[in-house]
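**Q** The structure under discussion is supplied below as structure tokens; questions concerning it will follow.
The values are calculated or read from the model by the stated rules, or taken from the named source; none is laboratory data. Quick caveat: nothing in here was measured; it's all calculated off a predicted structure. As a convention, Cβ positions derive from the backbone with ideal geometry for all residues, glycine included, and neighbour counts pool all protein chains shown.
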Amino acid sequence: MKHNPSPDQNSDMTRRGFLATAAAAAVPSTLAIGAQGEEAPALRVPPGTQPSRVVKMAARELIQNGAVHRPLLREMVRKVVTTLARTRVERDAWHSFLGADDVIGLKFNRSAQATLATTEAMAETLIQSIVEAGFSPKQIVCIEEPAGLAQRNGTTPAVLGYSPTETKFASGADQLALVLNQVDAIINVPFLKTHNIAGMTCSLKNLSHAMVKHPARFHANRCSPYISDIVNLPAIRKKLRLHIVDALRVVYDGGPEASSGAITNHGMILASTDPVSIDTIGLEVLNDARKYAGLHGVARNAAELPYLKSGHEAGLGIAARYAIDVVQPAL
């Protein structure tokens, strides 16, 4: 029987899930790589490969009465960015990911944006953090942001439309978004949601189907290998710098749209330079939320989710759980 958690239950679920995953993350990476488990036959990592790194941070106080606690979000963004960059200085962290003259694309997700109501807070927090690191607001291009955000924050509007010619990729061809020509670097800021075709949508799908003119062409076979093939295009892949998952509120059922009965207030941020690994950890978060609601998981592991398996095999990142380090800094 499906169980829709109440707001109090959502907070409790977030707290218990956070503590459980914190204990798991305490295992040293050398041990994790050795414990390949049932994934190993399907998802192998070449010997000597360094583990991928995902920073995971949650605070149940982040969502209060349906609103985002912005000072707390600001501190969490600082913490995940500096932890990922292995520095204590926020400015140094951003400059390790970005060039001083880069035009920076912040790629959000329009789908379910109004219902989740976290994008504006996340966008303005990221803009503030980047500007305080020495970048100009005019260097920032917000893609699929809420109406009026660019004008309020002094960022550069995204160029709209698509290339007049198609770009070929391994499994098809389509016209690419012109904004890809406008930006030098992409910071990907997806939601974490289930998806009625792909299984889930997070970092990879936030890039693939949003950057082509005819996304409906690429939904067969649970969107695989289209997702990885599109993200593997140089026009996208070479510009990827960072993925920051807005899991402040998670859509655990019925996605990619959102209904109030299938949203949990996780108060969570995930960060990584590896889109495959961050989606793999996102799968765990979704599965935990679904289990609490009395639902079966999206997939038992990344090897059973076609787009994650193909992303791993295409070299976009690591989906083998034993080769992913999850780091959970304290506030």
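**Q** Just for the range 282-305: of the residues that are surrounded by 18 or more Cβ atoms within 10 Å (Cβ to Cβ) and of a type outside the set (A, V, I, L, M, F, W, C), which one is nearest to the chain's Cα centre (by Cα)?
**A** Gly282
**Q** Restricting to the range 97-119, what's the tally of residues that are assigned to a loop (DSSP other than H, G, I, E, B) and within 28 Å of Ala258 (Cα to Cα)?
**A** 7
**Q** Shifting gears a bit: Can you list the helices (runs of 4 or more DSSP H) lying wholly within the range 158-228 that have 3 or more residues being of a type outside the set (Lys, Arg) and on the phi < 0 side of the Ramachandran plot?
**A** 179-182, 203-208
**Q** Tell me which residues, restricted to the range 306-331, are surrounded by 16 or more Cβ atoms within 10 Å (Cβ to Cβ) and more than 26 Å from Tyr226 (Cα to Cα).
**A** Within the range 306-331, Asp325, Val326, Val327, Gln328 meet the criteria.
**Q** Have a look at Val298, Val285, Val245 and point out the one that is assigned to a strand (DSSP E or B) and among the β-branched types (Val, Ile, Thr).
**A** Val245
**Q** Counting just the residues of the range 259-272 that are polar (S, T, N, Q) and touching a helix residue (DSSP H, G or I) at 6+ places or on another chain (Cβ under 7 Å), which one comes out modelled with the highest pLDDT?
**A** Ser272
**Q** May I ask you to list the residues in the range 255-282 that are over 22 Å from Ala117 (Cα atoms) and among the small types (Gly, Ala, Ser)?
**A** Ser272, Ser277
**Q** Same structure again: Test Pro256 against the criterion of being surrounded by fewer than 21 Cβ atoms within 10 Å (Cβ to Cβ) and modelled with pLDDT of 95 or more, and give yes or no.
**A** Here the answer is yes, as Pro256 does meet what is asked.
**Q** Can you name every residue in the range 79-100 that is in contact (Cβ under 8 Å) with a residue 40 or more places away in the chain and either over 20 Å from Asn188 (Cβ atoms) or surrounded by fewer than 16 Cβ atoms within 10 Å (Cβ to Cβ) (or both)?
**A** Listed by number, the residues that qualify are Arg91, Gly99.
**Q** Give the number of residues within the range 120-149 that are among the small types (Gly, Ala, Ser), over 11 Å from Asp246 (Cβ atoms) and in a helix (DSSP H, G or I).
**A** 1
**Q** Name the residues in the range 176-220 that are in contact with a Cys (Cβ under 8 Å, 6 or more places away or on another chain), surrounded by fewer than 24 Cβ atoms within 10 Å (Cβ to Cβ) and of a type in the set (Lys, Arg), would you?
**A** none
**Q** Further question on the same structure: Among the residues in the range 157-175, are any in contact (Cβ under 8 Å) with a residue 60 or more places away in the chain and among the hydroxyl-bearing types (Ser, Thr, Tyr)?
**A** yes
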